[in-house]
1. Please count how many residues of the stretch 26-62 are among the β-branched types (Val, Ile, Thr) and within 14 Å of ASP13 (Cβ to Cβ).
2. Might you let me know whether the stretch 72-79 holds any residue that is surrounded by 12 or more Cβ atoms within 10 Å (Cβ to Cβ) and among the acidic types (Asp, Glu)?
3. Consider LYS6 against the criteria (1) of a type outside the set (S, T, N, Q); (2) in contact with a Leu (Cβ under 7 Å, 6 or more places away or on another chain); (3) assigned to a loop (DSSP other than H, G, I, E, B): it satisfies all of them except one. Which criterion is unmet?
4. Assess whether LYS6 counts as being loosely packed, with under 12 Cβ neighbours inside 10 Å and within 16 Å of ASP70 (Cβ to Cβ).
5. Considering only residues of the stretch 9-33 that are surrounded by 14 or more Cβ atoms within 10 Å (Cβ to Cβ) and touching a helix residue (DSSP H, G or I) at 6+ places or on another chain (Cβ under 9 Å), which is farthest from VAL72 (Cα to Cα)?
6. Any residue in the stretch 30-48 that's closer than 13 Å to VAL63 by Cβ: show its pairings with residues that are of a type in the set (Ser, Thr, Tyr) and assigned to a loop (DSSP other than H, G, I, E, B) at Cβ separation under 6 Å, as long as the two are six or more apart or on different chains.
7. If you take the residues in the stretch 54-83 that are part of a loop (DSSP other than H, G, I, E, B) and not polar (S, T, N, Q), which one is farthest from PRO20 (Cα to Cα)?
8. Would you confirm, using the coordinates I've provided, whether GLY51 is outside any strand (DSSP E or B), within 11 Å of the chain's Cα centre (by Cα) and small (Gly, Ala, Ser)?
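Laboratory data are not the source of any read-out in this text; all were calculated from the coordinates shown. If you're wondering where the values come from, they're calculated on a predicted model, not measured in any experiment. Note that we place each Cβ from the backbone using ideal geometry, even for glycine, and neighbour counts take in every protein chain shown.
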Amino acid sequence: MGGGTKLRLLSDDLVNVAIPSTGETRRARILDLVDNPANRYMTRRKIITKGTLLKTELGLARVSSRPGQDGVLNAVLVEESSS
């Protein structure tokens with residue numbers, strides 16, 4: 001009714017990661033999907049939704065956007081990698 005469009009994200013290997021300690025945003029490669037609290041079967045199938053924990057080059061990041069609705073993959077860094 002409102003005329004808004006949905007742009008779905010089907011697959012991606014990069015994520016925009018916001019780093020709270022420095023206030024900057026960097027693009028990082030996704031290494032693995034760690035956990036999807038929405039559904040354990042989505043974790044097994046590697047489906048990314050809001051709240052999913054991703055292992056990236058920068059460390060663990062929690063997805064803050066809705067990739068199936070917005071068409072973009074944004075995350076916030078939860079734990080920095082030690083290397």
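1. First, pick out the residues of the stretch 26-62 that are among the β-branched types (Val, Ile, Thr): 30, 34, 43, 47-49, 52, 56.
Then drop every residue that is not within 14 Å of ASP13 (Cβ to Cβ), which leaves 30, 48, 56.
Of the residues in that region, 3 qualify.
2. Here is the first cut: in the stretch 72-79, the residues surrounded by 12 or more Cβ atoms within 10 Å (Cβ to Cβ) are 72-79.
Within this subset, residues satisfying the condition of being among the acidic types (Asp, Glu) are 79.
Checked against the condition, which is being surrounded by 12 or more Cβ atoms within 10 Å (Cβ to Cβ) and among the acidic types (Asp, Glu), the stretch 72-79 yields at least one hit.
3. The single condition LYS6 does not satisfy is (2).
4. Details: loosely packed, with under 12 Cβ neighbours inside 10 Å: yes; within 16 Å of ASP70 (Cβ to Cβ): yes.
Spelling it out, LYS6 is indeed loosely packed, with under 12 Cβ neighbours inside 10 Å and within 16 Å of ASP70 (Cβ to Cβ).
5. Ranking the candidates gives LEU33 first.
6. Taking only residues 6 or more apart or on different chains, the pairs are ASN36/THR52; ALA38/THR49.
7. Just the residues of the stretch 54-83 that are part of a loop (DSSP other than H, G, I, E, B), to begin with: 57-58, 64-66, 71-73, 81-83.
Pick out the ones that are also not polar (S, T, N, Q) and you get 57-58, 66, 71-73.
On the way: GLU57: 16, LEU58: 12, ARG66: 20, GLY71: 23, VAL72: 19, LEU73: 17 Å.
The residue in question is GLY71.
8. Numbers: outside any strand (DSSP E or B): yes; within 11 Å of the chain's Cα centre (by Cα): yes; small (Gly, Ala, Ser): yes.
So GLY51 fits the description; yes.
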